[in-house]
Amino acid sequence: MTVLLKIEHLEVKYGDLIGVADVSLEVPKGSVVALLGSNGAGKTTTLNAIAGIAAVSKGSVTFSGENIAGQPAYAIVRKGLALSPEGWRLFTQQSVENNLMLGATPLGDRGRIPRLLERVYAVFPRLAERRLQRAGTMSGGERQMLAVGRALMSEPQLLLLDEPSLGLAPAIVDTMYDSFAALHKEGLTILLAEQSVDLALEAAEYAYVLQVGRTVLEGPAQTMADNPDVQRIYLGME
Amino acid sequence: MSLILVQVIVSGLLLGAVYALFSSGLTLIWGMMNVVNFAHGDFVMLGMYSAVMVWTALGGGPFAAVPVAAMLIATLGVLSYFMLVRHIMKGPMLAQILGTFGLALFLRYAAFWYFGANFKTLPDTLVGGSFVFMGLRFEGSRVLAGAMGLGITLLLHFILTRTAIGSRMLAVSEDATAAQLMGIRPQRMQALAWGMAGAATGIAGALIANFFYTSPTVGETLAILAFVTVSFGGFGSVLGALVAGLIIGVVESLSAYLIGPVYKDVIVYILFVLVLWFRPQGLMGKT
């Protein structure tokens, strides 16, 4: 299988603080890969570094055979890699549809926008209902959908999802993960950071576990689910 | 209502539309990047000199001066952004204040050096003197200035709220990092804002030059008016600047007529203080 994203010995520093010390991982084309770890393990920092909004201080990030570490975020998204970031970071003053249209900025061909909008509205019908509402007035679940929808609007090859289940009602989480499965079936590659281990391992084929900024364990999702170490040591669960 | 009162209100509205236009650049820059451009008045001053230069060189009327001033001051805006503002934005607030204030002094004394200290005025005949319409007397230069002021301020508002490029500019102003995730280059949008603000300010200057004296220090007088209009309307809101400009224009002419020209500024500033007392964010500003 071709490797779409490969990270080798990634290090990210925030001033003197180390956000990520040594992370290596691979995301094969067409797969769903989970990035697990407790709060502060470095999942968000890793995703931000891939997308270009956290500065890489060491190591390499190879996407489609090209080292993208150190490139600005606006250039990286144009290569086909979109992030639904932590805290959603929506444009709260603007309408739902404007947010989606902004997500389509990297597209060379503006003619594709209507079809992409339609696809996002098909995945998240709730967004179609709220089309003209200001993003800042929506509920947490709707904001999460909008953040994912906005990332999809650039027609990425690789979708990075940061904690898509955080703070959402269980019913909405199920809907959300159903739509990820549907997108995966369409051929989208997904790298998923999750605190909720069960959810992530159910959705993913392969998983990496981070602990204090390092990849400490990896394996197929099925064996990880059965591995007591994952639950006990690395995720702080009994 | 007596005809003369109508006349007074109409002149006030025409004046107010010009206030709105030359304040819109200031509010746009603030809204985009939280930077107060203390050189704003001097941008207007250079717009006025552009009109004077076009008239001296070509004998052309305001129709030639307006596009020339728009282009020149837009270029000045973009250059100021890339050569100065972009760098001082990384510094503390004081650096921004001193930086743009320094730019103001530089432009003002460059104007002294190049144009001299003498007041310049454009001949009245350029925009056709005055005419009577429905019993009201209008000066051509003021009607032109008012109509264009209203039109261009509304156009700016339209661009920001209804177009894709406006949406990108607002995205950068709300969250520049998230905008980058959308493939938007924040610096391009900010440079564009400086260009648009410069164009609007240059046009305002070219229009004002038709009925106001031009001198290197005129920017100081106009800048204060622009700051009042912008804080009255709410920093960052183009529509707020429009409404505030119109209110200030009308209040100014009404109080000049009803109480006496000497008191018009007093009344305007009393109103200004009252608005800020009860609504510190201005009429349309965000809290």
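Among B:130, B:167, the ranking by other beta carbons within 10 Å of each residue's beta carbon, starting with the fewest, stands as B:130, B:167. The orientation-averaged shadow of the Cα convex hull for the protein assembly as shown, equal to a quarter of the hull surface, comes to 29.5 nm².
The residue list A:133, A:206, A:63 was ranked by how far each Cα lies along the charge dipole of chain A toward its positive end, using unit charges on Cβ atoms, and A:133 comes out on top. With loop membership from DSSP and a limit of 14 other Cβ atoms within 10 Å, the longest segment of chain B without trypsin sites (Lys or Arg not before Pro) is B:91-285.
DSSP beta bridges confined to the protein assembly as shown are antiparallel in about 60 percent of cases. Across chain A, the mean sequence separation of Cα contacts (distance under 8 Å, 6 or more residues apart), normalised by length, yields a relative contact order of 28 percent. Charges were assigned to the Cβ only: +1 to each Lys and Arg, -1 to each Asp and Glu. The resulting dipole of the protein assembly as shown about its Cα centre is roughly 1580 debye.
Stretching the chain fully between residue B:159 and residue B:79 yields a gain of 26.6 nm (0.36 nm per residue, less the alpha carbon separation).
Per-residue extension of 0.36 nm, minus the Cα-Cα distance of residue A:132 and residue A:205, leaves a gain of 22.6 nm for this segment. Using the charge dipole of the protein assembly as shown (Lys, Arg: +1 at Cβ; Asp, Glu: -1 at Cβ; taken about the Cα centre), state which of B:210, B:271, B:225 has its Cα farthest towards the positive end. It is B:210.
For chain B, a simple Cβ point-charge model (Lys and Arg +1, Asp and Glu -1, everything else neutral) yields a dipole of about 460 debye relative to the Cα centre. Values of log10 I(q)/I(0) for the range B:179-287 across q = 0.12, 0.15, 0.20, 0.22 Å⁻¹ run -0.54, -0.79, -1.17, -1.28, by the Debye formula with one identical scatterer at each alpha carbon and no solvent. With helices as the sole contributors, chain B gives -24500 deg cm²/dmol at 222 nm; each DSSP H run of n ≥ 4 counts as -39500 (n - 2.57), and the sum is divided by every residue. Look at where the Cα atoms of the range B:33-83 and of the range A:169-237 average out, and the two centres are 58 Å apart. Each Lys and Arg Cβ is given +1 and each Asp and Glu Cβ -1; about its Cα centre, chain A then shows a dipole of about 980 debye.
Quick one: if the Förster radius is 25 Å, what FRET efficiency do residue A:212 and residue A:8 give, using the C-beta to C-beta distance and rounding to 0.05? About 0.85, to the nearest 0.05.
When the range B:3-278 is described by a simple charge dipole with +1 on each Lys and Arg Cβ and -1 on each Asp and Glu Cβ, the residue from B:151, B:236, B:87 located farthest towards its positive end is B:87.
For chain A, the longest principal axis of the alpha carbon atoms and the long axis of helix A:140-152 meet at an angle near 90°.
Percent relative contact order of chain B, based on C-alpha pairs within less than 8 angstrom and at least six residues apart? Here the relative contact order equals 38 percent. When chain B is treated as a GNM with alpha-carbon contacts under 10 Å, the residue of B:200, B:241, B:171 showing the greatest mean-square fluctuation is B:171.
Reducing the range A:1-80 and the range B:252-273 to their Cα centroids gives an inter-centroid distance of 62 Å. Note on residue B:71/residue B:176: beta-carbon distance plugged into 1/(1 + (r/R0)^6) with R0 of 35 Å gives a FRET efficiency of 0.80.
Remark: mean inter-chain Cβ contacts per residue of B:180-192 equal 6, using a 10 Å Cβ-Cβ cutoff to other protein chain atoms.
Evaluated over the protein assembly as shown, the count of Lys pairs having alpha-carbon atoms less than 20 Å apart is 10 (only pairs 8 or more residues apart or interchain). Within the range B:3-278, the proportion of C-alpha pairs whose separation exceeds 30 Å stands at 28%.
Per-residue mean of foreign Cβ neighbours for B:270-279 is 0 (Cβ atoms of other chains, 10 Å radius).
Rule-based calculations on the coordinates, nothing more; no lab input. Just so we're clear, the structure is a prediction, and the values are computed from it rather than from any experiment. Neighbour counts run over all protein chains shown; Cβ positions are idealised from the backbone, glycine included.
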